[in-house]
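The values are calculated or read from the model by the stated rules, or taken from the named source; none is laboratory data. Please read all numbers here as calculations on a predicted model, not as lab measurements. Cβ: placed from backbone, ideal geometry, glycine included. Neighbour counts: every protein chain shown. Side chains are part of the model used for accessible areas, which takes the heavy atoms of the whole protein and leaves out ligands, DNA and RNA. Shrake-Rupley method; radii C 1.70, N 1.55, O 1.52, S 1.80 Å.
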Amino acid sequence: MADFSAEMDVAIIGAGVVGCAMARRFALEGARVCVLEAAPDILSGASKANSAILHTGFDAPPGSLELSCMQDAYDEYMEIREAMNLPVLETGAMVAAWTEDEEARLPDLLAQAQGNGVTDTRIISRDEALAREPALAGHVRGALLVPREHVIDPWSAPLAYATQAKALGAEFRFNAPLTGARRDGDTWQLETGAGSLMAKTVVNCAGLYGDKVEEILTGTPSFEIRPRKGQFVVFDKAASQHLRTILLPVPNERTKGVVLTRTAFGNLLVGPTAEEQEARDRPDVTTPELEMLISKAVELVPALQDMPVTAVYAGLRPASERKEYRVHADADLGYYCAGGIRSTGLTAALGIARHVFALWSESHSLAWSKPNDSMAPSMPNLAEHLPRDYQIPGHDGIVCHCEMVTAREIRAAFDSQLPPGDFGGLRRRTRCAMGRCQGFNCLGRIASLAEGKLRTPILPEDAS
Amino acid sequence: MNTTCDVAIVGGGPAGLGAALELSKLGLRRVVVLERFGEAGGIPRHCGHPPFGMREFKRVLSGPAYARRLVQAAEDAGVEIRTDTTVTAIRPGGVLELATTAGAQTLTARRVLIATGNRERTRAQLLAPGVRPVGVMNTGALQSMVYLEGKRPFSRPVIVGTEIVALSALLTCRRHGIKPVAMVETRDRPQTRRIDMMLARLMGVPVLAGAEILAIEGRPRVEALRLRHKGEERRLDCDGIVFSGRFTPEATVARQSDLALDAGTLGPEIDADGRSSDPQVFVAGNVLHPVETAGHCWAEGRRAAQTIFRDLRKTPKLGAGARIVPGAGLRYVVPQRLGAGSAATLNIRTDGAVRGRVVLSDASGRELAARSVRSYPEQPVRLSVPALDSAALAGDLTLRLDRKD
């Protein structure tokens, strides 16, 4: 197994959304970065399944690190998204009250939102809620309106962060789980499933394995990951006409509850559940919970009765035994941890990266020289409300008709800086086989286009 | 390229090509078939086994050979087939919005026929439990891999479902050295006739009916299907899972065009002439009634062509007709509406196997048509209805099932 060529400034463990943002931040600051990922592609753990919302932090714990990371990240996302061609579906959100009790809690939620600096929130009446969303069930009693909660593309955004890091010289190693580590003077000797590596600093962004990685690095983990499963149902694109605004429930202690939201890809999503479990690698979907989500969606938006389902999925959130983010640093050891990022990681990642870099800077005088060019990539657009590739002549035919994915887009994904490592990665980069037929029509063609190009192939080795 | 035509046909499968051929034979010059794939022919293109073509060509053909003959016959008759052309919506006035390799285009047609076919429900639509590894697919995907791309996605799959298409999956496996581990049916009995299920026995594939799927296992590839059968938990080790059957219409164009849809079929709602809620738009084939044979769809396309041809010569009788309301035990009926004047055949599906009688009656309770039924679960039931008078059409029509089992 080949060792990596030179000593790195920073090794980042995990290429989820937090790891990708971390790689970008340190690369932008001039560090030589290497990202070690256990899976064959980025976004293969918690980051592959979420509700794709860009949160304002209106309901985050006041004064928390989570809140400041979310708000810093929100601003940064809005700054960089144009240059990177990242979509924002400006939906706004409504925290809808369906019972007297819930209605009574709206003023507290408003006060919390205002206190968190989300000053454009306001309580709207039942009539205004129904005027804004005519398809809502009639028993809605009122809502807290949060105008700047939006929907984004949950995979193109972190892919853009990683692509930028790569363009700035960061290395990505896949199928490279951390298996051992030794601190030698001021340098880490890291052993992985794909060779060894030396680095001055290690940043733990290992998500669902954050505590395990910390144990390898420090001997005793300071937190414990307790996976919390969230299941989702994606309705047919026809459903998205029935709702414009993200529909949030009045939250309870454990979870933000079941959300109904459009996606950037023109679908309507309901979920997640919140189910605690031991296994870190079993995001099972289960029939009764999926049925519950569908009936919940129909209860809130009756027009969804008999609406076809396009997809179902489950994700595992890297929750820990405590509610807050588990971010800490040991400068002497050259160890930084961004752990327990349980459900707001997609929004907060850019802010978490800034925060960790600031922690690093506290004890290091900067020896790196910042790159002259930020190398921000322009990402292919997959959002339905913006022009798609199939609308641009010369695309060489549509391969996936449910999601209107062209052969040109699939080839471009393979030719990109960070090509997909498995079928899931190809789906997330192009949306092929993500639609209604889930590959009924296109799987054969996709398998041919992908042949010999994925670390984990679609077809078994003896396929031909 | 022409931007107008007499009839635009959305979908180049058996129904669409049957209609196109017939319209050309009737003398229409400007008939255009819009096919989203690179090749017309529809699903038979990737069913590389017989029997196809008995009704159309009086001989037994494999699916791909049959598809080629359908295309050839239409082209010989002067039909224009535009491949790599996706219809994204049909606007009122017969305006079709197209996505092509040259970008967006429009085509205006005097009449439109939707013949977009159907597809199998996915594991997602069936809400099947478990993890989501590579190697879980529908029969359609399996066949597109082996017949169109020459690839074998697995070597010992479990086939879920026992409809006719599951037998097609079995045949596909047999021809490509794939050895199915088992056929699993979640309903309490196989969905096809006993004689058809002999194929499974001949191939040594056990059939587990009345099974409950507990979980799909494996990562990154499928490793097993866990299920409960006859009260016992079982783990079927496998390297692929084929979800077969449970067809649903490929009704996206109809949905995006705001045509009225039927809650029973999930396809467009039609009257006895095959006309949708847009008077210029007709519908034929499996998008109406999942699922019938290619031969049936082809014949239905030809009948639709004759109706469209007549419709172009005269001012159409408008008026939606009386709605048929299907009762308990009936999954759907096509057409959903009947008008005055001509006889019709209702295409009915029951929920599971039944013995009994189906009866069509009018709002006053008068019986208009009836027949006895003894069906296996997925068998089409056809009921002939004579031309109805205006009294019969004064209110909703009721279709009921009187069970005898």
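The rows are residues; the columns are (1) among the basic types (Lys, Arg); (2) open to solvent by less than 30 Å² (accessible area, probe 1.4 Å); (3) part of a loop (DSSP other than H, G, I, E, B).
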residue: B:Ala299; (1), (2), (3): no, yes, no
residue: B:Ala304; (1), (2), (3): no, yes, no
residue: B:Ala328; (1), (2), (3): no, no, yes
residue: B:Ser342; (1), (2), (3): no, no, yes
residue: B:Leu383; (1), (2), (3): no, yes, no
residue: B:Gly395; (1), (2), (3): no, yes, yes
residue: B:Leu401; (1), (2), (3): no, yes, no
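Please count how many residues of segment A:38-60 are open to solvent by 20 Å² or more (accessible area, probe 1.4 Å), within 14 Å of A:Ile341 (Cβ to Cβ) and either assigned to a loop (DSSP other than H, G, I, E, B) or free of Cβ contacts under 8 Å to residues at least 60 places away in the same chain (or both).
Summing the residues that are open to solvent by 20 Å² or more (accessible area, probe 1.4 Å), within 14 Å of A:Ile341 (Cβ to Cβ) and either assigned to a loop (DSSP other than H, G, I, E, B) or free of Cβ contacts under 8 Å to residues at least 60 places away in the same chain (or both) in segment A:38-60 gives 2.
List pairs: first residue in segment B:214-237 and within 20 Å of A:Pro288 (Cα to Cα), second residue basic (Lys, Arg) and surrounded by 18 or more Cβ atoms within 10 Å (Cβ to Cβ) anywhere in the structure, Cβ distance under 9 angstrom, at least six positions apart or on different chains.
Close Cβ pairs (under 9 Å, with a partner that is basic (Lys, Arg) and surrounded by 18 or more Cβ atoms within 10 Å (Cβ to Cβ)) amount to B:Ile216/B:Arg123; B:Ile216/B:Arg132.
Name the residue that is farthest from the other protein chains (Cβ to nearest Cβ), counting only residues in segment A:383-398 that are open to solvent by 30 Å² or more (accessible area, probe 1.4 Å) and among the aliphatic types (A, V, I, L, M).
A:Leu386
Within segment B:64-76, can one find any residue that is facing chain A (nearest Cβ under 7 Å) and farther than 28 Å from A:Glu291 by Cβ? Lay out the reasoning, then the answer.
Kept after step one, since they are facing chain A (nearest Cβ under 7 Å), are these residues of segment B:64-76: none.
Checked against the condition, which is being facing chain A (nearest Cβ under 7 Å) and farther than 28 Å from A:Glu291 by Cβ, segment B:64-76 yields no hits at all.
Assuming B:Ile43 fulfils every condition listed in (1) open to solvent by 20 Å² or more (accessible area, probe 1.4 Å); (2) without any contact (Cβ under 8 Å) to a residue 60 or more places away in the chain apart from one, which condition is it?
It is condition (2) that B:Ile43 fails.
What residue, among those in segment A:126-185 that are assigned to a strand (DSSP E or B), within 30 Å of A:Gly19 (Cα to Cα) and of a type in the set (Gly, Ala, Ser), is least open to solvent (accessible area, probe 1.4 Å)? I'd like the intermediate steps shown before the answer.
Taking segment A:126-185 and keeping what is assigned to a strand (DSSP E or B), we get A:142-146, A:150-152, A:171-173, A:178-184.
Subset that is within 30 Å of A:Gly19 (Cα to Cα): A:146, A:150-152, A:171-173, A:178-184.
Then keep just the ones that are of a type in the set (Gly, Ala, Ser); that gives A:180-181.
Values: A:Gly180: 16, A:Ala181: 35 Å².
Going through the qualifying residues, I end up with A:Gly180.
For segment B:92-112, does any single residue satisfy the condition of being open to solvent by 10 Å² or more (accessible area, probe 1.4 Å), out of contact with any strand residue (DSSP E or B) (no Cβ under 8 Å at 6 or more places or on another chain) and either aliphatic (A, V, I, L, M) or not in a loop (DSSP other than H, G, I, E, B) (or both)?
yes
Which members of segment A:61-77 meet the condition of being open to solvent by 30 Å² or more (accessible area, probe 1.4 Å) and farther than 10 Å from A:Asn116 by Cα? Walk me through it before giving the result.
Kept after step one, since they are open to solvent by 30 Å² or more (accessible area, probe 1.4 Å), are these residues of segment A:61-77: A:61-63, A:65, A:68, A:71-72, A:75.
Answer for segment A:61-77, where residues must be open to solvent by 30 Å² or more (accessible area, probe 1.4 Å) and farther than 10 Å from A:Asn116 by Cα: A:Leu65, A:Asp72, A:Asp75.
Considering only residues that are part of a helix (DSSP H, G or I) and small (Gly, Ala, Ser), which ones fall in segment A:333-366?
Scanning segment A:333-366 gives A:Gly345, A:Ala348, A:Ala349, A:Gly351, A:Ala353, A:Ala358, A:Ser361.
If we scan segment B:217-237, do we find a residue that is open to solvent by 10 Å² or more (accessible area, probe 1.4 Å), within 10 Å of chain A (Cβ to nearest Cβ) and not in a loop (DSSP other than H, G, I, E, B)?
Within segment B:217-237, one or more residues are open to solvent by 10 Å² or more (accessible area, probe 1.4 Å), within 10 Å of chain A (Cβ to nearest Cβ) and not in a loop (DSSP other than H, G, I, E, B).
Which of the residues that make up segment B:146-171 are within 11 Å of chain A (Cβ to nearest Cβ), of a type in the set (A, V, I, L, M, F, W, C) and open to solvent by less than 20 Å² (accessible area, probe 1.4 Å)?
Correct list: B:Val146, B:Phe154.
Select from segment A:303-337 the residues that are aliphatic (A, V, I, L, M) and more than 18 Å from A:Leu293 (Cα to Cα) and list them in ascending order.
In the first step, residues of segment A:303-337 are kept if they are aliphatic (A, V, I, L, M); the result is A:303-304, A:307, A:309, A:311-312, A:314, A:316, A:319, A:327, A:329, A:331, A:333.
Across segment A:303-337, the qualifying residues are A:Ala319, A:Val327, A:Ala329, A:Ala331, A:Leu333.
I'd like the full set of residues that are closer than 24 Å to B:Glu378 by Cβ, more than 9 Å from every other protein chain (Cβ to nearest Cβ) and acidic (Asp, Glu), limited to segment B:238-258.
none
Could you tell me which numbered condition B:Arg175 fails, if it satisfies all but one of (1) modelled with pLDDT of 95 or more; (2) on the phi < 0 side of the Ramachandran plot; (3) under 25 Å from the mean Cα position of the chain (by Cα)?
(1)
B:Gln256: open to solvent by 20 Å² or more (accessible area, probe 1.4 Å), over 23 Å from A:Met307 (Cα atoms), touching a strand residue (DSSP E or B) at 6+ places or on another chain (Cβ under 8 Å) and of a type outside the set (Asp, Glu), yes or no?
Values: open to solvent by 20 Å² or more (accessible area, probe 1.4 Å): yes; over 23 Å from A:Met307 (Cα atoms): no; touching a strand residue (DSSP E or B) at 6+ places or on another chain (Cβ under 8 Å): yes; of a type outside the set (Asp, Glu): yes.
When the stated conditions are applied, B:Gln256 does not pass them.
Among (1) within 23 Å of B:Ser277 (Cα to Cα); (2) within 14 Å of chain A (Cβ to nearest Cβ), where does B:Ala8 come up short?
Single failed check for B:Ala8: (2).
If I go through segment A:295-326 residue by residue, how many of them are open to solvent by less than 40 Å² (accessible area, probe 1.4 Å) and either within 9 Å of chain B (Cβ to nearest Cβ) or not in a strand (DSSP E or B) (or both)? Steps first, please.
If we filter segment A:295-326 for residues that are open to solvent by less than 40 Å² (accessible area, probe 1.4 Å), which is where we start, we get A:297-298, A:300-301, A:304, A:307-320, A:325-326.
From the residues that got through so far, the ones that are either within 9 Å of chain B (Cβ to nearest Cβ) or not in a strand (DSSP E or B) (or both) too are A:297-298, A:300-301, A:304, A:307-314, A:318-319, A:325.
Of the residues in that region, 16 qualify.
Within the group A:Gly435, A:Gly421, which residue is modelled with pLDDT of 95 or more, within 15 Å of A:Ala311 (Cβ to Cβ) and part of a loop (DSSP other than H, G, I, E, B)? Step through it out loud before you land on a result.
Values: A:Gly421 fails: within 15 Å of A:Ala311 (Cβ to Cβ).
So the residue among A:Gly435, A:Gly421 that is modelled with pLDDT of 95 or more, within 15 Å of A:Ala311 (Cβ to Cβ) and part of a loop (DSSP other than H, G, I, E, B) is A:Gly435.
Quick grid of which residues meet (1) more than 19 Å from the chain's Cα centre (by Cα); (2) among the aromatic types (Phe, Trp, Tyr); (3) farther than 25 Å from B:Val146 by Cβ:
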residue: B:Ile213; (1), (2), (3): yes, no, no
residue: B:Asp239; (1), (2), (3): yes, no, no
residue: B:Asp262; (1), (2), (3): no, no, yes
residue: B:Ser277; (1), (2), (3): yes, no, yes
residue: B:Trp298; (1), (2), (3): no, yes, no
residue: B:Arg302; (1), (2), (3): no, no, yes
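I want to confirm something. Restricting to segment B:116-133 and keeping residues that are assigned to a loop (DSSP other than H, G, I, E, B) and open to solvent by less than 10 Å² (accessible area, probe 1.4 Å), which single residue is farthest from the other protein chains (Cβ to nearest Cβ)? Before the answer, list the steps.
We begin by selecting, within segment B:116-133, every residue assigned to a loop (DSSP other than H, G, I, E, B); these are B:116-117, B:121-129, B:131-133.
So of that shortlist, the ones also open to solvent by less than 10 Å² (accessible area, probe 1.4 Å) come out as B:122, B:124, B:128.
Working: B:Thr122: 4, B:Ala124: 5, B:Ala128: 7 Å.
Looking at the filtered set, the residue picked out is B:Ala128.
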